There are 2 protein chains.
Amino acid sequence: MAPSLEKTIYIGPFVHSKSLAELEICTKGAIGVDEKGVIAFVERDDVEGVSKKEGWESAKVVEVKDNGFFFPGFIDTHIHASQYPNAGIFGKSTLLDWLNTYTFPLESSLSALPRATTVYTRAVSRTLSHGTTTAAYYATVHVPATNLLADICLAKGQRALIGRVCMNSTLSPDYYRDASVAAAIAASRECVEYCRRIDPSGELVAPIITPRFAPSCTEECLHALGALQKETGAYAQTHISENAPEIALVNELFPTHKGYADVYDKAGLLNPKMILAHAVHLTAKEKELVAARDAKISHCPASNTALTSGCAPVRDLLDRGITVGLGTDVSGGFSPSILEMARQAIWVSRHVAMHEGDHAKLSVEEVLYLATRGGAKVVGLEEKVGAFEVGMEWDAQMVALESVPEGGERHEDGFVEGVDVFGWEAWEDRVAKWLFGGDDRCTVAVWVRGRLVHSTGRYRG
Amino acid sequence: MAPSLEKTIYIGPFVHSKSLAELEICTKGAIGVDEKGVIAFVERDDVEGVSKKEGWESAKVVEVKDNGFFFPGFIDTHIHASQYPNAGIFGKSTLLDWLNTYTFPLESSLSALPRATTVYTRAVSRTLSHGTTTAAYYATVHVPATNLLADICLAKGQRALIGRVCMNSTLSPDYYRDASVAAAIAASRECVEYCRRIDPSGELVAPIITPRFAPSCTEECLHALGALQKETGAYAQTHISENAPEIALVNELFPTHKGYADVYDKAGLLNPKMILAHAVHLTAKEKELVAARDAKISHCPASNTALTSGCAPVRDLLDRGITVGLGTDVSGGFSPSILEMARQAIWVSRHVAMHEGDHAKLSVEEVLYLATRGGAKVVGLEEKVGAFEVGMEWDAQMVALESVPEGGERHEDGFVEGVDVFGWEAWEDRVAKWLFGGDDRCTVAVWVRGRLVHSTGRYRG
């Protein structure tokens, strides 16, 4: 059940995606949000008149100040909350040695609940502060710690898919793996049930079946997880085709399958409720299969660059009609910010373009779509979040930019917002400045389903 | 003459480059800086004893708090101060259309001194806040505005090379170019003399001869600028081999030369006091020529990616013994932060490695070297700045990181520093976390020649 809120009218400029190519910039808007956090009206013309709307006369008013605008909350379609303390720590490693050197030891240590509390509390606070209103999380193999992550997201009010990581193959370290297929399935079932008990509506927190990736699971385990997904109707998430040695390993481990995607497909896991992270090196046939199954893809540009995995062919995926969102992939990715990922998606698309031509380039509009509506489609919430439309829920952030005064001298209190607007910029350019120069300082307030879940000292609601 | 300062002992951890491959992390140090801003001692063992050193008994003490460390100030070897308002505004453009669409109109507008005051004041404040203690600036063609930039740097205490941009070719727009070779040289000479008049020692502000790039200048103009450099002994800076259409244009404009580097060489401009920005597509023969002439290279990774110019082969340049530093190239580059450039240099090196193998990868140590000592060599200040050694000057920043408390809850005043340290990280990992997650919030104080030139509310000197 949604919490009961004060009816609120959000007044000021708002920016959101109409489609992949089109960003709407409404420089004078008013959005009414009802007691359930649902958008009741979006006014673009008679903004002054909204306070006289029947039933809205005594509504609370929240106004954008500081050169800013409302923007939909970000969707992080792939993030390992358990790896947050390692953000930025990867050296010159690539996927398989990175897992053994940095990742498994840290994840394993989260069996201790005090440590898990510290890490997950911080990870959720941080992602909220960066404007992430929905996240598809990987936790660890541990049931209590995974359930703790669900508790924290529910308490802090972040929409989250909570994934207990399954990994039963002997390729996983002996100190950190599921003891058997039966144990893996039982533990996963426990986490599914826990999420559904603490949030029966599933409006905020829902479970997600999470085979780590094909090399971590036996074929039997993958099939059992496919069956568990079918039985529970839950979402699923995993990794696919991230780097060359990993793909070679999969081909070696599953010699009778027709490639990486086929491993998941045969297990019943390639379906519209599957989120595949990376998809850097899929073959044309695999892309066709992913498209045919309507499985979703989480593009993780920062991670793919940092670990030298490669450049995901996002334009090609989009041209094939595949649904794509953005993922931070902390801590393969170094940042918990989806705004940073939108930038990184631009950079990766430029590197693809250097070899394959300008068609590959993603625009400002396109990466902001991937960060919001694209991500919403990946996690199955496209009717509810990702844009400002009547009937959608108020998952939003208030963005503030800094006005440079004449003479250019800084304010007494220093540079707070981080993005300088001189005043002569067109609105499109202000949005671009935010994309390329912004950070969590610009996100002065964040709401999920109408509830204020984060704000900075600069927010005066 | 250096201003007279209070003798100061800087106590706490410090981090700096010993060489390209080696970063020294001294977890308990004390650095004494004399009244002229010169490092008198660097103590690594008996830190407690420094206050009893003869002559230092009553010295001021500045201590690192907040999980931080001292780090040398950054050197930005290529930045267009005049383009700062356009940071983040470039769309899908590439070099030559970017110049005409975004750059020339903005630069041209700085003929108005009130606008130049606002832009330059802000640009210098911002770069200082990001820890840039030395910058090689491009201004515009306008003499008064260029001289104003010199005044602002001197007043704010930033070391700067001030370049009046020369561009007399008819390829430059008619509303924004030098009227003739004679006019270009006269104007450049005026700026050289102005800098030398306001800072006769050249300790803070010095002039730099600045042919924009070969397509902007006639051969006669380039030769005259080469002669002016020789006559004045000043540094010089320009662009080279940034993208393919530009190189084709140079070959077309200078058909009797043996390529882009040769155009500058024939003009007498390829010498140890020349800073070449970009150098993305130099041929092997050109690299040999650059190495033979000991000209320096400014690597501008953010710009090269944003404008789809290509990936500079930094490892190859270093292997050839060429001196390389980092440049933000605002606003081809979207950020005035050299810390961001160090990250971007890592990303570009990963993209080179995807095609050419692991040898191309730059390490954390290497990019931090490029950001400090490498840059110092590029601008000819390697004896004075870039590291903490006795006899060098105190160009430094105090870096603060955030300690995550047990339980993970945020401080009352929110996330101030932006980089979370959990407490179990090795020192090397803390530095990596700063590199990949840090921003200007981490830079709580900045000194140039011992003078405090920037600080945030968190600095308690």
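Where a number appears in this text, it was derived from the coordinates with a stated rule and is not lab data. Because the structure is a prediction, the values reported are computed rather than measured. Glycine gets a Cβ as well: all are built from the backbone with ideal geometry, and neighbour counts include every protein chain shown.
Take the alpha carbon atoms of region B:1-145, find their radius of gyration, then divide it by 2.2 N^0.38 Å using N residues; give the quotient.
After normalising by residue count via 2.2 N^0.38 Å, the value is 1.45.
What are the radius of gyration and Dmax of region B:31-75, computed over its Cα atoms and given in Å?
11.7, 34
Based on alpha-carbon centroids, what's the gap between region A:145-213 and region A:435-461 in Å, whole number please?
29
Among the residues of chain A, which one places its Cβ closest to the rotation axis that maps chain A onto chain B, and what is that distance in whole Å?
A:H351, 3
Rg over Rh of the protein assembly as shown, using C-alpha atoms and the Kirkwood radius, what does it come to? Present the calculation step by step, with values, prior to reporting the outcome.
Details: Rg = 27.8 Å, Rh = 28.5 Å.
In the protein assembly as shown, Rg relative to Rh is 0.98.
Between the alpha-carbon centers of region A:108-133 and region B:38-86, tell me the distance in whole angstrom.
34
For helix A:284-293, report the angle its Cα long axis makes with the longest principal axis of the Cα atoms of chain A; keep it between 0 and 90° and round to the nearest 10°.
Here the helix axis deviates by roughly 70 degrees.
For region A:312-461, just list the percent of Cα-Cα distances falling in each 5 Å bin from zero outward, please.
Per 5 Å bin, starting at 0, the Cα pair percentages come out as 2, 8, 14, 18, 20, 16, 11, 7, 3, 1, 0.
Compute the distance from the alpha-carbon center of region B:374-394 to that of region B:216-257, in whole Å.
With region B:374-394 and region B:216-257 each reduced to a Cα centre, they are spaced 29 Å.
On a straight-distance basis, which aspartates and glutamates could pair with B:K156 in a cross-link, Cα separation under 12 angstrom, same-chain partners fewer than 8 positions away excluded?
A:E409
Working from Cα positions, state the angle (0 to 90°, nearest 10) between the long axis of helix B:338-356 and the longest principal axis of chain B.
That works out to roughly 70 degrees.
Filter A:K92/A:K361; A:K296/B:K433; B:K28/B:K53; A:K266/A:K287; A:K433/B:K384; B:K296/B:K433 down to the pairs with a C-alpha to C-alpha distance above 25 Å, please. Mind showing how you got there, number by number?
Details: A:K92/A:K361 27 Å; A:K296/B:K433 31 Å; B:K28/B:K53 17 Å; A:K266/A:K287 16 Å; A:K433/B:K384 36 Å; B:K296/B:K433 30 Å.
Pairs exceeding 25 Å: A:K92/A:K361; A:K296/B:K433; A:K433/B:K384; B:K296/B:K433.
Below 14 Å, Cα to Cα, which aspartates and glutamates can A:K273 reach? Residues fewer than 8 away in the same chain don't count.
In chain and number order, the partners are A:E231, A:D265, A:D294, A:E382.
Taking the Kirkwood radius as the inverse of the mean 1/r across Cα pairs, report the Rg/Rh of region A:226-372.
Working: Rg = 14.9 Å, Rh = 15.5 Å.
Computed over Cα atoms, the ratio is 0.96.
Taking just the alpha-carbon atoms of chain A, what radius of gyration and Dmax come out, in angstrom?
Cα radius of gyration and Dmax of chain A are 21.8, 70 Å respectively.
What is the helix-to-structure angle for B:244-253, meaning the angle in degrees between its Cα long axis and the longest Cα principal axis of chain B, kept from 0 to 90 and rounded to the nearest 10?
That helix lies at roughly 40 degrees to the long axis.
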